[in-house]
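Asker: My questions all concern the structure below.
The values are calculated or read from the model by the stated rules, or taken from the named source; none is laboratory data. Bear in mind that the values here come from a model prediction, so they are computed numbers and not experimental data. Here Cβ is always computed from backbone atoms with ideal geometry, including for glycine, and neighbour counts include all displayed protein chains. What goes into the accessible areas is simple: the full protein's heavy atoms, side chains included, and nothing from ligands, DNA or RNA. Shrake-Rupley method; radii C 1.70, N 1.55, O 1.52, S 1.80 Å.
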Amino acid sequence: MLSACNRLQVRFHLLTMSLVSHVKARGELYPGTSISRQPVSDDKVAWSVPFPEYCPPSYTSPVVLRMPAWADPDYSTFANWNGAPPKYNQLDHSVDRRSHTGEYMVIENLPRNPCGRTGLLGRGLLGKWGPNHAADSIVTRWKWINGEVAKKDGKPVMQFIAIQRRDCGEWALPGGMVDPGEQITATVKREFCEEALNSLSLTEDERHKLYELISTIFQQGEMIFKGYVDDPRNTDNAWMETVAFNFHDETNDSIGCLPLHAGDDARNVAWLDVDKEQALYASHNTLLQKVAHLRRAHW
Ligand code: RP5
């Protein structure tokens with residue numbers, strides 16, 4: 001458990017999660033396509049800055065347009081969407097359309113990215129107009145070598161569980177989308193079990209037992225971040241948000257020694273050293289940095 005002082009630090013991190021300008025959400029090519037975003041320079045990201053030439057292309061993936069269960073209807077049918085447009089900034093039946101960043105603007109029925117311009121309209125690969133909610137787990141332990149915690153620059157080195165994403169090959173924190181009506185704490189456990197422990201390959205009984213074990217271990221989690229993610233899939237009208245929790249195994253005898261098996265969206269899973277040079281998907285590196293500072297570990 002964290003001390004009262006560390007708890008205050010967590011709150012401080014949460015309070016200071018200001019909306020830094022997104023960078024990966026302005027990457028030239030949209031992931032998995034040859035669609036180029038309209039370039040948006042750093043000084044033109046904010047909607048408050050005039051940009052009269054701003055006329056970005058629109059893209060929504062054919063997969064999303066086929067309207068799987070996790071996707072909203074298309075814009076073209078949107079106006080007549082049973083006369084009931086999405087309830088933006090609200091809990092819309094079981095779909096949470098509220099943003100962790102506060103109230104977002106809706107212009108002509110389209111939600112506007114609270115972090116600014118991305119150079120692309122539509123939903124891209126994201127299913128929901130507006131915020132697409134996810135949860136991430138930052139599972140950490142100390143790195144032990146010859147019976148001692150390894151040090152770098154005089155600070156103890158931490159390790160974290162990373163998965164390699166199937167879609168882009170990048171390393172990332174285990175995490176995924178919150179299902180409609182699902183508690184975020186349930187999402188974080190489910191996604192961790194699926195991606196880092198391959199729970200989908202187990203029988204229902206085995207899966208249940210594993211889930212119980214992880215639930216016990218994850219009771220000690222600390223919320224590290226809640227907000228916008230600089231995800232390369234973001235657009236002007238659809239974006240990722242996450243709630244990230246740190247589960248730290250101080251003595252290396254609980255989650256720190258569980259056998260890892262990649263599953264579901266993960267091609268690979270591994271313990272990696274916490275280090276600023278470790279490239280990670282979206283803004284996961286920033287989340288890890290918060291944990292390193294919180295635990296006074298090497299960064
Ligand atoms: C990131 O995308 C989130 O932080 C989360 O890790 C992930 C969720 O998307 P999928 O992994 O389900 O594609 O923005």
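Asker: If you take the residues of the range 230-264 that are open to solvent by less than 10 Å² (accessible area, probe 1.4 Å) and β-branched (V, I, T), which of them is nearest to G127 (Cα to Cα)?
Answerer: Residue satisfying both the conditions and the ranking: T235.
Asker: Under the condition of being part of a loop (DSSP other than H, G, I, E, B) and at pLDDT below 95, which residue from the range 15-46 is farthest from D167 (Cα to Cα)?
Answerer: Restricting to residues being part of a loop (DSSP other than H, G, I, E, B) and at pLDDT below 95, the top hit is T16.
Asker: Does E195 count as acidic (D, E) and free of Cβ contacts under 8 Å to residues at least 60 places away in the same chain? Quick ask: steps written out before the conclusion?
Answerer: Details: acidic (D, E): yes; free of Cβ contacts under 8 Å to residues at least 60 places away in the same chain: no.
Criteria not met by E195.
Asker: Can you name the condition, by its number, that D92 falls short on among (1) under 25 Å from Q220 (Cα atoms); (2) more than 16 Å from the ligand (Cβ to nearest atom)?
Answerer: Checking D92 against (1) under 25 Å from Q220 (Cα atoms); (2) more than 16 Å from the ligand (Cβ to nearest atom), the one that fails is (1).
Asker: Still on this structure, please answer the following. Among the residues of the range 137-159, what is the count of those that are more than 20 Å from F245 (Cβ to Cβ) and either within 16 Å of the ligand (Cβ to nearest atom) or part of a strand (DSSP E or B) (or both)?
Answerer: The total comes to 8.
Asker: Just the residues that are aliphatic (A, V, I, L, M), within 16 Å of A238 (Cα to Cα) and modelled with pLDDT of 95 or more, please, taken from the range 47-70.
Answerer: Selection gives V63, V64.
Asker: Which one is surrounded by the most Cβ atoms within 10 Å (Cβ to Cβ), of the residues in the range 114-136 that are touching a His at 6+ places or on another chain (Cβ under 8 Å) and in a loop (DSSP other than H, G, I, E, B)?
Answerer: Among those that are touching a His at 6+ places or on another chain (Cβ under 8 Å) and in a loop (DSSP other than H, G, I, E, B), it is T118.
Asker: Still on this structure, please answer the following. Quick check: is even one residue across the range 95-112 buried (at least 24 other Cβ atoms within 10 Å of the Cβ) and within 16 Å of the ligand (Cβ to nearest atom)?
Answerer: No: zero hits.
Asker: Return yes when A162 is aliphatic (A, V, I, L, M), in contact with a Gly (Cβ under 8 Å, 6 or more places away or on another chain), in contact (Cβ under 8 Å) with a residue 40 or more places away in the chain and in a strand (DSSP E or B) and no when it is not.
Answerer: no
Asker: Being assigned to a loop (DSSP other than H, G, I, E, B) and more than 9 Å from the ligand (Cβ to nearest atom) is the filter; apply it to the range 165-177 and report the residue that is surrounded by the most Cβ atoms within 10 Å (Cβ to Cβ).
Answerer: The qualifying residue surrounded by the most Cβ atoms within 10 Å (Cβ to Cβ) is E170.
Asker: Hey, another quick one. What tally of residues in the range 124-135 results from selecting those that are closer than 15 Å to P85 by Cβ and within 14 Å of the ligand (Cβ to nearest atom)?
Answerer: 1
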